[in-house]
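These notes concern the structure reproduced below.
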Amino acid sequence: VSEERFTRIKNQWGYPKEAVDWCLEHEGIAASDLDSVVLASYHLPRAVYDDKKTVHGAAARIAYWGTEVERNLPSRGARFVSKVYRMTDGVMHLRQRKSLIASSLGLSEDRIIVVDHHEAHAYTTLLCSQFRKETLVLTMDGEGDGLCSTVSAIEEDSLHRLVSSSYTSSLGYLYRWTTKYLGMKPNEHEYKVMGLAPYAAARDAFKVYRKMRPLIKTNDDGSFTSAINMRYADKWLKSELYGTRFDWVAGGVQMVAEDVLSTWVATLLDKYCYSRLALGGGVFMNVKANMVLSELPQVEQLFVMPSCGDESLAIGAALMGYGRLRGRSNWLPDIPPLAHLYLGPEYEASESNIKRLINTRSIEMQHHTDIDGAIADLLSEGKVVGRFSGRAEWGARALGNRSILARADNIDVVEEINNMIKQRDFWMPFAPTILSDRESDYIINPKHFPAPYMIMAFRSSRLGQRDLRAAMHPSDRTLRPQILDPNWNPHYYSVLKQFEKRTGIGGILNTSFNLHGEPIVNSIEDAVSTFSRSGLRYLALGEFLLSKS
Ligand SMILES: [Fe+2]
């Protein structure tokens, strides 16, 4: 579970105290029972970890100054000076992180292990995948421990890194700065740039692509080099793209991303004669690029880590720590692949718990023995319904338990949901949940890649464009589905199945249950508060249906 779900501050940084406390309590273990605490990343930017007092401390100023040297003097010497500063600062900062964690948990510092950022991304994605041999594991993000990408492979039951690239050639940074250049929030709104991209005509996007593509070179060994230092790509964007239309820029950077990634993947799969691929790191949140990769002829099996940004690092870090306790640092423990993501907190939706939160007469509450059927009834009547049930989803996507649901064959629902609660940017698409036995009716997936996590886009069928038109990209009609397995969430499946019985439609629109800019709801309190503050008229809370008169 992410700390933001408890603190209600989106993308909350720092030591995740509430999340750690919840995990310990949920598993019934004390901090003193922990064999080790594993941190992913030797070096974190100070603002990521400290409270306000230390961000403005002397060490932070020195680190900042070291970085500024690199920005203003783009020479190799300046980069070296910056690197020395950052490394020194990293060591000092790591000490502070360790002592903060040791004192919070009441543990001795020698129980704390630190692992490399990209190694943790690679372990996360490989061990969550169903692959245990002959697999290429690729990681890519903005930057982590000085790198932007790595290539690893399994050799004799352990994972070995083959090649890596410096942050200076980071595609993630280029995308991040383009997000900022377009007036959106870097490290958060990259998905909005991806959503904007299909509105540009290919020939217009190509004008930007032609200028931007030569910045990054994919080498034969799988490493990247670049014409500029990508950490400061903002300078290049301002000088080269000033006055270029916003949608061309979005279309151009997406075209560059798709091309860089497919060149990279194709080169590596050809070189190592593999056809199995596992992908992790924040760049692979780009569901459209993942679709392009899935269509490469070299790719036969593909796993993209769901919610593969840094929120996924803890998984790989813990598994690496487990390996080290067994005395084997790059060992692959024999664990089953990741299944469903309903791993977060659960709260008892009892009558008394809900009643004490409702302080207005305009909200009615009704108990339903078949709440799944009641939701399906409302959905088939075209109503928009919030659903709060069972354990919260791990990661960035709501997969039915903390979701807002709606019938997707009527495009008007997009505006309705936006007015009610989401206030999304007008160009952003919604996504569907599809019954597993109806998948082939709606998405085009000739290689049969599993798609339960909303991490990969697919092209839609004709029927999909009719039944799910409000839950796909309006311009290119691709969709980012959650294919729902009945065993992973029987009640949510029952909602969809009963909806299908009434309407003949095998999928619905599923968007996360939160107000614009807030984290996804976690507790019953959050659900009722969000419901009260929004234009949403129906909320299913466990077996109770709340409705506004
Ligand atoms: Fe990362």
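Every read-out reported here was derived from the displayed coordinates using simple, explicitly stated rules and does not represent laboratory data. Treat the numbers as computed from the prediction; the structure is a model and nothing was measured. Glycine gets a Cβ as well: all are built from the backbone with ideal geometry, and neighbour counts include every protein chain shown.
Details
- With each label modelled as a point 7 angstrom along the Cα→C-beta vector, the L296-H367 pair spans 5.7 nm.
- Between the stretch 433-465 and the stretch 471-504, the alpha-carbon center distance in angstrom: 10 Å
- Other residues with beta-carbon under 13 Å from the beta-carbon of L162 carry, at +1 per Lys or Arg and -1 per Asp or Glu, a net charge of -2.
- Using a cutoff of 8 angstrom between alpha carbon atoms and counting only pairs six or more residues apart, the relative contact order for the chain works out to 15 percent.
- Taking other Cβ atoms within 10 Å as a rough exposure proxy, C273, C128, C308 sort from fewest to most as C273, C128, C308.
- Cα convex hull, the stretch 131-170: 62 Å³ per residue, rounded to a whole number.
- Per-selection Rg to Rh, the chain - Cα, Kirkwood hydrodynamic radius: 0.96
- Most positive-pole-ward Cα, N330, M365, L378, against dipole of the stretch 322-388 from beta carbon charges: N330
- Cβ-derived FRET efficiency at R0 56 Å, S475 paired with T88, nearest 0.05: 0.70
- For R387, the residues whose modelled amide H falls within less than 5 Å of its own, excluding neighbours fewer than 5 places apart on the same chain, are S403, I404, L405, A540.
- The string of couplings for the stretch 351-360 from the Karplus curve (6.51, -1.76, 1.60, θ = phi - 60°) is 4, 5, 4, 7, 4, 5, 8, 9, 10, 9 Hz, one whole number per residue in order, with x for Gly and Pro.
- Ordered by the number of other Cβ atoms lying within 10 Å of each residue's own Cβ, fewest first, F513, F426 fall into the sequence F426, F513.
- Distance between the 7 Å Cα→Cβ label points at R462 and Y15: 6.2 nm.
- Relative counts (whole %) of C-alpha pair distances in the stretch 107-228, using bins that are 5 Å wide: 2, 10, 15, 17, 17, 15, 12, 7, 3, 1, 1, 0
- Listed residue (T218, A451, V137) projecting farthest to the positive dipole end of the chain, Cβ model: T218
- Each label was represented as a point 7 Å from its Cα along the Cα-to-Cβ direction; for R71 and A227 these points are 2.3 nm apart.
- Magnitude of the charge dipole, the stretch 195-251, Cβ model with Lys/Arg +1 and Asp/Glu -1, debye to 20: 220 debye
- Dipole magnitude for the chain: computed about the Cα centre from +1 point charges on Lys and Arg Cβ and -1 point charges on Asp and Glu Cβ, it is near 1720 debye.
- For the stretch 225-361, the dipole from Cβ point charges (+1 on Lys and Arg, -1 on Asp and Glu) about the Cα centre works out to 420 debye, to the nearest 20.
- Neighbourhood net charge (10 Å Cβ-Cβ; Lys/Arg +1, Asp/Glu -1) for H118: -4
- Computed E for F206/Y272 - FRET, C-beta separation, R0 45 angstrom, nearest 0.05: 0.90
- Per-residue Cβ neighbour rank within 10 angstrom, fewest leading, H368, H117: H368, H117
- Förster radius 45 Å - calculated FRET efficiency between Y242 and R8 (Cβ-Cβ, nearest 0.05): 0.70
- Dividing the summed -39500 (n - 2.57) terms of all DSSP H runs of n ≥ 4 by the residue count of the chain sets its mean residue ellipticity at 222 nm at -12000 deg cm²/dmol.
- Remark: the stretch 440-454, residue by residue, has Karplus-estimated 3J(HN,Hα) of 5, 6, 10, 10, 9, 9, x, 8, 6, 6, x, 9, x, 10, 6 Hz, where x stands for each Gly or Pro and the curve is 6.51 cos²θ - 1.76 cosθ + 1.60 at θ = phi - 60°.
- Spatial offset of the stretch 280-320 relative to the stretch 90-135 amounts to 19 Å, using the alpha carbon center of each.
- All other residues whose Cβ lies under 13 angstrom from that of R132 are scored, Lys and Arg at +1 and Asp and Glu at -1, for a net of -3.
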